[in-house]
Amino acid sequence: MAHMYDVIVIGAGFSGLSAARHLIERGARVLVLEAQSHVGGRVESRVLEGGARIDTGGQFLCEDMPEVMALARRHGKTLVEPPINGRFLLQPPVGEAPGVAIYAESVRLRDRMNEIDPASPDIAGMTVADWLVREEASVEGKRAFRSAMEGLWCLPIAEMPLWYLVSNDRRITNTRTELQYFLGETMHSLAEDMARDLGDRLVLNSAVRRVARVGETLQVELDDNSRSAEQVVVALPPVTASRLAYAPALPPALARALSVWKSGRVIKALVRYRRPFWRDGGISGVMWRDPPGLFACDVSHEGLPAALVVFAVGELAEVGQTAGLDTVRKRIREKLAAALGDDAGDPVEITIRNWAHDPWSGGGYSDSIVDMAAVDAEEVIRRGAPRLAFACSEISPSFPGYVEGAIIAGREAARRVLEDA
């Protein structure tokens, strides 16, 4: 019996789009199924009143991320440099010299952490918070370090295994700031360009419920129909992939490897003003140590002449679920006004995307392992199962949690599929 497709890719985030592109270039008959009405996964956009288009998900890139930079250039995107050459205020406020010292101390803590061998028995069962307590550093330096780690991984450091954070952080190798560029057309437009290349091989609004083996075929079941293929690539974050039904059940080691992750909690907000008043004082952004994980930076450009992007993790992200987004807007205005003055409390508009508990993509920039003993989870997921491969930024050998990592993970999954064909 002839099969309709060689490979079905579940998910049209950057991992799925990358896998599909790589497979198609090598002659495979591919179908991509996406549950949502748009592609991009954790990268998406919104058009504001007046026509400006903004990224409400993943946005930034730098020259040290060759895959996404190459794609941006291939599709003729405009590289915009955020105006971040000024000072970043620390909150609660400290003087400029103490602020520099606190930031430098937090960087040294991160460097010390990354010198640890993730496989060392000395750190077995230790969280990042446990390790931080033992380190010799000032209270303020530790608070800054905690804020940076929770801001990047979108989970409390008390939940993160030390070995996991070290292993993960070592693979994020950029020497230039990751805020070096964003795309004038939006990062989401790059995902749309990749999707456009797929033509009718991409089907939106197609939520997969189950992957079942039927003889020599894998049957991908949706709400009202099914599609068959020789092989399947599940291009979803681990938490989302674990929610799919599989028949027969996944091998126990693989099922466990998918079960040990937790999605973070983050809100992204774009705050627009009548003018970029913060530049009067040579300021480019704000970094908070309390609450941890709150960060704002200047993203003003020709299309948005006065705008700050704000990332809020943890408690403030949960407020969006419990008290609503109007309460989040109020909190953001209050925090910005306390840091930048009364003008910051009177924005033109605050546009919010609450990623916490997102039903398809999870709640943060990526999922994270929270099981102390799950040291082989990433490798088990990379190996997949017969005719079944997995692709997500979380398991990328380079830049996990970034668009760069998603592109690499998709390509690596496609290679495994081709080797098994």
Considering only residues that are part of a loop (DSSP other than H, G, I, E, B), over 12 Å from Leu183 (Cβ atoms) and in contact with a helix residue (DSSP H, G or I) (Cβ under 6 Å, 6 or more places away or on another chain), which ones fall in segment 39-62? Val39, Glu44
Does segment 384-419 hold any residues that are of a type in the set (Asp, Glu) and open to solvent by 20 Å² or more (accessible area, probe 1.4 Å), and which are they? Glu412, Glu419
Considering each residue of segment 205-225, count those that are surrounded by fewer than 16 Cβ atoms within 10 Å (Cβ to Cβ), closer than 24 Å to Val39 by Cα and not charged (D, E, K, R), and give that number. 3
Show the residue pairs that are 6+ apart or on different chains and have beta-carbon atoms under 9 Å apart, the first residue being within segment 9-32 and within 16 Å of Asp193 (Cβ to Cβ) and outside any helix (DSSP H, G or I), the second being basic (Lys, Arg) and open to solvent by 10 Å² or more (accessible area, probe 1.4 Å). Gly13/Arg42; Val32/Arg201
I'm trying to understand the selection: among the residues of segment 267-309, which are of a type outside the set (D, E, K, R), farther than 15 Å from Gly345 by Cβ and either open to solvent by 20 Å² or more (accessible area, probe 1.4 Å) or over 25 Å from the mean Cα position of the chain (by Cα) (or both)? Pro276, Gly281, Gly282, Ile283, Met287, Pro291, Pro292, Phe295, His301, Gly303, Pro305
With respect to Tyr164, determine if the residue is over 21 Å from Thr186 (Cβ atoms), open to solvent by 60 Å² or more (accessible area, probe 1.4 Å) and of a type in the set (Phe, Trp, Tyr). no
Qualifying helices (runs of 4 or more DSSP H) (wholly inside segment 299-405; at least 3 residues being free of Cβ contacts under 8 Å to residues at least 60 places away in the same chain, among the polar types (S, T, N, Q) and closer than 30 Å to Arg274 by Cα): none
Note down all Cβ pairs under 7 Å where the first residue falls in segment 93-116 and is under 16 Å from Val286 (Cβ atoms), the second is open to solvent by less than 60 Å² (accessible area, probe 1.4 Å) and aromatic (Phe, Trp, Tyr), and they're at least six residues apart or on different chains. Ser106/Phe145
Take the residues in segment 157-194 that are part of a loop (DSSP other than H, G, I, E, B) and of a type in the set (A, V, I, L, M), then tell me which one is nearest to Gly303 (Cα to Cα). Leu179
In this structure, does Glu135 turn out to be over 30 Å from Arg46 (Cβ atoms) and not basic (Lys, Arg)? yes
Residue pairs within 6 Å by beta carbon, gap of at least six or interchain, first lying in segment 186-211 and farther than 17 Å from Gln59 by Cβ and touching a residue at least 60 places away in the same chain (Cβ under 8 Å), second crowded, with 19+ Cβ neighbours inside 10 Å and of a type in the set (Phe, Trp, Tyr), listed first then second, are Val211/Tyr246
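The values are calculated or read from the model by the stated rules, or taken from the named source; none is laboratory data. Everything quoted here is computed from the prediction, not taken from an experiment. Cβ sites come from the backbone with ideal geometry, for glycine too, and all protein chains shown count toward neighbours. With ligands, DNA and RNA removed, areas are computed over all heavy atoms of the protein, side chains included. Shrake-Rupley method; radii C 1.70, N 1.55, O 1.52, S 1.80 Å.
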